[in-house]
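Here is the structure we will look at.
The values are calculated or read from the model by the stated rules, or taken from the named source; none is laboratory data. Values in this document were obtained by computation on a predicted structure and should not be read as measured data. Positions of Cβ are generated from backbone atoms using ideal geometry, with glycine treated the same way; all protein chains shown enter the neighbour counts.
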Amino acid sequence: MGSLTQDVPKPMLRVEGRPILEHILDGLLGAGIREVCFVTGWRAEVIESHFGDGSRWGARISYVRQEVQNGTGKAPEYARAFVGDSDFLLTYGDILVRPETYQRMRRRWEEGNFAALLTVTEGQDVTQGGLNFFDDQFRLTRLVEKPSATQLEELRRTGWLKPGEPVWYNAGIYLFRPPLFDYTARLQPSPRGEYELTDAISAMVADGREIAGLPIEGRWVDVRDPAVLATLQADAGP
């Protein structure tokens, strides 16, 4: 985001007049989630001063700081004490969806005894994120993180990618049970030198744990760069 985040962290950039994190918090509250922990990093104090203890929103908000930015696989561990023995929802701080998405996640979660749930969206550039495959009950069978051109060709050759079928891209919002931390604790750095949450999810699949999938309906926006943010702000109007 360059100079846009010189003074504020990306999740505090404004869309429709409010920080991205406020939109996320509203959706969580609408799904009955009242206890929230923000894992912060750059300019953490901006988030902390804006949200305080959460009482203004009818929530209880706490904070932990990730001093070393070493990947999505380690960030959840900072909230381990907050989670305790509870199931929990995890979302990246720059993903915008319709508020009812979080309610749909809870309903899907209650359909089975899942170890995790991951949301997906259709038709994105799968070379930039997780490519997911599901069985006929939409349970995860395989995850390939940022596949190369060679990997994509192999997936087509072996029948994993089929013409005309949806391509499911990781949407960055999850539900987990606490055993996730057993897997994040064992993570090794990926080729790009980071700990990847998707590697922990792949290990869960390899161990036979059931992971539900849920396609996002309606809006899904990864506010990843200034062009996306400018489009959102233009669509919102004056």
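In the range 101-117, is there at least one residue being of a type in the set (Gly, Ala, Ser), on the phi > 0 side of the Ramachandran plot and not in a loop (DSSP other than H, G, I, E, B)?
Within the range 101-117, the subset of a type in the set (Gly, Ala, Ser) is 112, 115-116.
Cutting the leftovers down to on the phi > 0 side of the Ramachandran plot gives us none.
No, the range 101-117 contains no residue that is of a type in the set (Gly, Ala, Ser), on the phi > 0 side of the Ramachandran plot and not in a loop (DSSP other than H, G, I, E, B).
Across the range 126-177, which residue is nearest to the chain's Cα centre (by Cα) among those that are charged (D, E, K, R) and more than 22 Å from Gly73 (Cα to Cα)?
Within the range 126-177, the first condition is being charged (D, E, K, R), and the residues that meet it are 135-136, 139, 142, 145-146, 153-154, 156-157, 162, 165, 177.
After this cut, where a residue has to be more than 22 Å from Gly73 (Cα to Cα) as well, the list is 135-136, 153-154, 156-157, 162, 165.
Numbers: Asp135: 21, Asp136: 23, Glu153: 27, Glu154: 27, Arg156: 27, Arg157: 30, Lys162: 26, Glu165: 24 Å.
Among those residues, the one meeting the criterion is Asp135.
Looking at the range 42-61, I want the residues that are without any contact (Cβ under 8 Å) to a residue 40 or more places away in the chain and farther than 10 Å from Val8 by Cβ and have a partner that is basic (Lys, Arg) and in a loop (DSSP other than H, G, I, E, B) with Cβ atoms under 6 Å, at least 6 apart or on another chain. Which pairs are those?
Ala59/Arg34
Is there a residue being small (Gly, Ala, Ser), modelled with pLDDT under 95 and surrounded by fewer than 17 Cβ atoms within 10 Å (Cβ to Cβ) anywhere in the range 124-147? Break it down stepwise before answering.
Kept after step one, since they are small (Gly, Ala, Ser), are these residues of the range 124-147: 129-130.
Add one more test, that the residue is modelled with pLDDT under 95, and what stays is 129-130.
Checking the rest, the ones that are also surrounded by fewer than 17 Cβ atoms within 10 Å (Cβ to Cβ) come to none.
There is no residue in the range 124-147 that is small (Gly, Ala, Ser), modelled with pLDDT under 95 and surrounded by fewer than 17 Cβ atoms within 10 Å (Cβ to Cβ).
Just a yes or no: is a residue in the range 162-169 among the basic types (Lys, Arg), part of a loop (DSSP other than H, G, I, E, B) and at negative phi? Lay out the reasoning, then the answer.
First, pick out the residues of the range 162-169 that are among the basic types (Lys, Arg): 162.
Subsequent filtering for residues that are part of a loop (DSSP other than H, G, I, E, B) retains 162.
Add one more test, that the residue is at negative phi, and what stays is 162.
The answer is yes, given that some residue of the range 162-169 is among the basic types (Lys, Arg), part of a loop (DSSP other than H, G, I, E, B) and at negative phi.
Among the residues of the range 57-71, are any surrounded by fewer than 18 Cβ atoms within 10 Å (Cβ to Cβ), of a type in the set (Lys, Arg), at pLDDT 95 or above and more than 30 Å from Gly164 (Cβ to Cβ)?
Yes, the range 57-71 contains at least one residue that is surrounded by fewer than 18 Cβ atoms within 10 Å (Cβ to Cβ), of a type in the set (Lys, Arg), at pLDDT 95 or above and more than 30 Å from Gly164 (Cβ to Cβ).
Kindly indicate whether Ile33 is in contact (Cβ under 8 Å) with a residue 60 or more places away in the chain and among the hydrophobic types (A, V, I, L, M, F, W, C). Write out each step before concluding.
On the way: in contact (Cβ under 8 Å) with a residue 60 or more places away in the chain: yes; among the hydrophobic types (A, V, I, L, M, F, W, C): yes.
For Ile33, the condition - in contact (Cβ under 8 Å) with a residue 60 or more places away in the chain and among the hydrophobic types (A, V, I, L, M, F, W, C) - is met.
For the range 163-193, give me the residue count where each residue is more than 18 Å from Thr101 (Cβ to Cβ) and either touching a helix residue (DSSP H, G or I) at 6+ places or on another chain (Cβ under 8 Å) or at pLDDT 90 or above (or both).
Selection size over the range 163-193: 15.
Please verify whether the range 196-213 includes one or more residues that are small (Gly, Ala, Ser) and within 18 Å of Val83 (Cβ to Cβ).
Pass one, the range 196-213, residues small (Gly, Ala, Ser): 200, 202-203, 206, 208, 212-213.
Restricting the remaining residues to those that are within 18 Å of Val83 (Cβ to Cβ) gives 200.
Yes, because at least one residue in the range 196-213 is small (Gly, Ala, Ser) and within 18 Å of Val83 (Cβ to Cβ).
Within the range 170-185, take every residue that is in a helix (DSSP H, G or I) and hydrophobic (A, V, I, L, M, F, W, C) and give me the one that is surrounded by the fewest Cβ atoms within 10 Å (Cβ to Cβ). Spell out how you get there, then give the answer.
First, pick out the residues of the range 170-185 that are in a helix (DSSP H, G or I): 180-184.
Subset that is hydrophobic (A, V, I, L, M, F, W, C): 180-181.
Numbers: Leu180: 25, Phe181: 16.
Result: Phe181.
Given the options Gly218, Gly164, name the one that is without any contact (Cβ under 8 Å) to a residue 12 or more places away in the chain and either of a type outside the set (S, T, N, Q) or under 24 Å from Ile95 (Cα atoms) (or both). Break it down stepwise before answering.
On the way: Gly218 fails: without any contact (Cβ under 8 Å) to a residue 12 or more places away in the chain.
Only one candidate passes the filter, namely Gly164.
Could you tell me which residue of the range 31-61 is farthest from Gln103 (Cα to Cα), considering only residues that are within 18 Å of the chain's Cα centre (by Cα) and of a type outside the set (A, V, I, L, M, F, W, C)? Walk me through it before giving the result.
Of the range 31-61, the ones within 18 Å of the chain's Cα centre (by Cα) are 31, 33, 35-41.
Of the ones still in play, those that are also of a type outside the set (A, V, I, L, M, F, W, C) are 35, 40-41.
Working: Glu35: 16, Thr40: 25, Gly41: 28 Å.
Looking at residues that are within 18 Å of the chain's Cα centre (by Cα) and of a type outside the set (A, V, I, L, M, F, W, C), I get Gly41.
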